[in-house]
1. Of the conditions (1) in a loop (DSSP other than H, G, I, E, B); (2) over 19 Å from Gly19 (Cβ atoms); (3) in contact (Cβ under 8 Å) with a residue 40 or more places away in the chain; (4) not aliphatic (A, V, I, L, M), Lys72 clears all except one; give me its number.
2. So which residues in the stretch 1-33 are among the charged types (D, E, K, R), surrounded by fewer than 24 Cβ atoms within 10 Å (Cβ to Cβ) and out of contact with any helix residue (DSSP H, G or I) (no Cβ under 6 Å at 6 or more places or on another chain)?
3. Quick check on Ser103: is it among the small types (Gly, Ala, Ser) and assigned to a loop (DSSP other than H, G, I, E, B)?
4. Can you tell which of Ala129, Ala125, Ala90 is at pLDDT 95 or above, in contact with an Asp or Glu (Cβ under 9 Å, 6 or more places away or on another chain), part of a helix (DSSP H, G or I) and hydrophobic (A, V, I, L, M, F, W, C)?
5. For residues that are without any contact (Cβ under 8 Å) to a residue 60 or more places away in the chain and either hydroxyl-bearing (Ser, Thr, Tyr) or surrounded by 14 or more Cβ atoms within 10 Å (Cβ to Cβ) (or both), tally how many sit in the stretch 251-282.
6. List pairs: first in the stretch 27-46 and of a type in the set (Lys, Arg), second part of a helix (DSSP H, G or I), Cβ under 6 Å, 6+ apart or cross-chain?
7. For the stretch 72-83, which residues satisfy the criterion of being of a type outside the set (Val, Ile, Thr), at negative phi and over 19 Å from the mean Cα position of the chain (by Cα)?
8. Looking only at the stretch 9-26, decide whether some residue is over 20 Å from the mean Cα position of the chain (by Cα) and free of Cβ contacts under 8 Å to residues at least 40 places away in the same chain.
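The values are calculated or read from the model by the stated rules, or taken from the named source; none is laboratory data. Note that the structure is a prediction, hence the values are computed from the model and not measured. We place every Cβ from the backbone using ideal geometry, glycine too, and count neighbours over all the protein chains shown.
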Amino acid sequence: MANVFHPGNTALITGGASGIGRALAEKCLSRDMKVIIADWDDELLSQLQNYLGSPILFKMDVGNLEDWDRLKKKVDEEFGGKLNLLALNAGVGIRSSWSDAESFQKTVNTNLFGVINGITTVLPAVKAAASAGGHSAVVITGSKQGITNPPGNPAYNSSKAAVKTLAEHLSFDLRNEANIGVHLLVPGWTFTGMTGGRSNGSEEMKKPDGAWYPEQVVEYLQKKMAEGKFYIICPDNDVSEETDKKRMLWTAGDVVEGRPPLTRWRDEWKEKAQEWMDNQKV
């Protein structure tokens with residue numbers, strides 16, 4: 001799948017005007033790829049026109065199917081209906097509340113239906129590029145919160161858990177398609193606008209020592225794509241790959257061993273969970 005990043009190849013990146021999406025767009029443009037950057041933010045999109053060179057900028061709401069129909073027409077017009085890279089990256093981190101149904105609706109509309117709409121609308125363009133003899137990939141941005149499910153934001157966690165399930169099914173259903181890869185990108189702590197950073201050319205804030213830059217996530221993504229990995233679980237400067245594995249294993253144990261949910265954060269289980277992880281070998 002490293003062949004996806006090849007001069008002349010085409011890419012569509014949602015949520016591409018900032019953060020990881022922007023870093024991925026920069027990677028593609030540096031390889032002389034043709035890129036459509038889709039985002040909802042006019043200000044961020046306008047900053048990209050001169051800074052990045054000549055991407056195609058497309059304003060849209062990924063939760064709106066009519067916007068995806070417009071975008072499909074743009075892919076047909078600009079790329080001849082062929083996509084080598086489809087990066088479904090757009091996401092929001094709205095804080096949810098059990099008394100606020102709207103926070104759930106907004107989160108699910110972007111994080112989940114932004115992926116569903118993209119797959120159902122432009123997956124044929126990914127298949128068309130592969131059928132033409134090239135390599136194609138679908139990269140879907142998930143979250144560790146959709147795997148380990150820490151308390152505090154049920155809307156976000158559940159939306160990303162559903163995204164993980166969708167990506168797994170898509171990978172299985174495309175398993176016999178030649179030259180198409182599917183990858184679930186799961187960033188660690190990354191310095192982006194969603195996490196308090198400014199990676200859009202406006203006021204700069206100091207990156208916390210524990211966080212990665214978006215460019216580091218993209219480099220890790222490319223490396224793991226070249227290795228043929230589906231699950232791309234990124235570490236950061238605070239959390240190692242080994243620690244991530246232990247946390248995921250403990251979380252799965254809640255189901256397997258019949259424990260209460262979210263035991264890692266329950267007062268009566270915290271010490272036992274930490275002791276298990278300290279002694280677990282992975």
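1. (1)
2. Correct list: Glu26, Arg31, Asp32.
3. Working: among the small types (Gly, Ala, Ser): yes; assigned to a loop (DSSP other than H, G, I, E, B): no.
Against the criterion (among the small types (Gly, Ala, Ser) and assigned to a loop (DSSP other than H, G, I, E, B)), Ser103 does not qualify.
4. Result: Ala125 is the single residue among Ala129, Ala125, Ala90 that is at pLDDT 95 or above, in contact with an Asp or Glu (Cβ under 9 Å, 6 or more places away or on another chain), part of a helix (DSSP H, G or I) and hydrophobic (A, V, I, L, M, F, W, C).
5. Total satisfying the criteria: 10.
6. Listed pairs, sorted by first residue: Lys27/Val218.
7. Within the stretch 72-83, Lys72, Lys73, Lys74, Asp76, Glu77, Glu78, Phe79, Lys82 qualify.
8. no
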